[in-house]
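Quick notes on the structure that follows.
The values are calculated or read from the model by the stated rules, or taken from the named source; none is laboratory data. Everything quoted here is computed from the prediction, not taken from an experiment. For neighbour counting, all protein chains shown are included, and Cβ atoms are generated from backbone atoms with ideal geometry for every residue, glycine included. Note: accessible area is taken over every heavy atom of the protein model, side chains too, but ligands, DNA and RNA are not part of it. Shrake-Rupley method; radii C 1.70, N 1.55, O 1.52, S 1.80 Å.
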Amino acid sequence: MKLKLIHFPLLLVVAFVAYLAFPWLLIFIGIQSKPNPPRPEITYGEFPFRLKYEINGNQKVIEDTLICEFDGFGADEGRGKYRKWKRKLASGNERITLLKVDSATEIYFTAGRTEYYMGDPYYANSNSSFPNASVVKKEGAMSKDSFLKADELLKQYNIRLISWDVSPPIKNNFNQLVFQ
């Protein structure tokens, strides 16, 4: 009799966990059973750029190269299966930094989505944030990114973006390969 009483709470716990996990398991199985999107024909690209801006009345220029590369496929419940891309700056910098306000706050320019530069058709209009910028504030182990419109950027930090010149996106091909 004691053995059966011990099993009942365990059975309830297992049933409760299964009840919560089952829908997520079905979503996971459904996503994983779908085929990957077509692989890009061109998997690597370099995009030299020049950003001219003014800070406190002084003009500055940042010249660098955005390096984009295909990074396989990913999957999540929001997008299903998708192409993953990675990018970096040739200079080794993490971002296109306009101003380091203090040790916790940095103003930076967003060059646009990697998918845009690599010709991914779903991101044809996802180019840079010009003439706007972003601010990242570190709060302990966490960081918070915020978008800054051009007028806020000028008012709060006395920064004005003048020009953004970058190589155009590539024309990529995403046809499925047919094996015969």
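Given the C-alpha atoms of segment 54-117, compute the convex hull and give its volume per residue in Å³.
It comes to 133 Å³ per residue, whole-number rounded.
Measuring from centroid to centroid over Cα atoms, what is the spacing of segment 62-80 and segment 120-180 in Å?
13
Going by amide H atoms built from the backbone, whose H comes under 5 Å of the H on residue 39, apart from near neighbours?
177
Would you mind classifying segment 132-173 by shape? Square roots of the alpha carbon gyration tensor eigenvalues, ordered a ≥ b ≥ c; an a/c under 1.5 is rounded, otherwise it is prolate if a/b is larger than b/c and oblate if not.
oblate
How large is ³J(HN,Hα) for each residue in segment 79-84, as worked out from phi by the Karplus curve 6.51 cos²θ - 1.76 cosθ + 1.60 (θ = phi - 60°), to whole Hz, x for Gly and Pro?
Coupling constants for segment 79-84: 10, x, 8, 8, 7, 9 Hz.
When the helices in the chain are scored as -39500 (n - 2.57) per DSSP H run of 4 or longer and the sum is shared across all residues, what 222 nm value do you end up with, to the nearest 500 deg cm²/dmol?
Rounded to the nearest 500, the figure is -8000 deg cm²/dmol.
Within segment 24-128, which GluC sites (Glu not before Pro) sit in a loop by DSSP and count at most 15 neighbouring Cβ atoms inside 10 Å?
For GluC sites (Glu not before Pro) across segment 24-128 that sit outside H, G, I, E and B with at most 15 neighbouring Cβ atoms in 10 Å, the list reads 41, 77, 94.
Could you check how much of the accessible area of the chain is carbon and sulfur, as a whole percent, using a 1.4 Å probe?
Roughly 56 percent of what the probe reaches on the chain is carbon or sulfur.
Heavy atoms only, probe 1.4 angstrom, no DNA, RNA or ligands counted: give me 103, 91 ranked by accessible area, highest first.
Largest to smallest exposure gives the sequence 103, 91.
Kindly provide the pair-distance distribution of segment 1-108 built from C-alpha pairs, with 10 Å bins from 0 and whole-percent values in order of increasing distance.
Histogramming segment 1-108 at 10 Å steps yields 11, 21, 19, 18, 15, 9, 5, 2, 0 percent.
Report, in listed order, any pair from 60/144; 84/138; 100/149; 88/138; 100/171 with a Cα-Cα distance greater than 24 Å.
Long pairs (Cα-Cα over 24 Å): 60/144; 84/138; 100/171.
Roughly what angle does helix 2-33 make with the longest principal axis of the chain, taking Cα atoms, 0 to 90 degrees, to the nearest 10?
The two axes meet at around 40 degrees.
Check residue 96: other-chain or 5+ apart residues with amide H under 5 Å from its amide H, H built from backbone geometry?
For residue 96, the qualifying residues are 109.
If you take the Cα atoms of the chain, find Rg, then find the Kirkwood Rh from the mean of 1/r over all pairs, what is Rg/Rh?
Looking at the chain, the ratio lands at 1.18.
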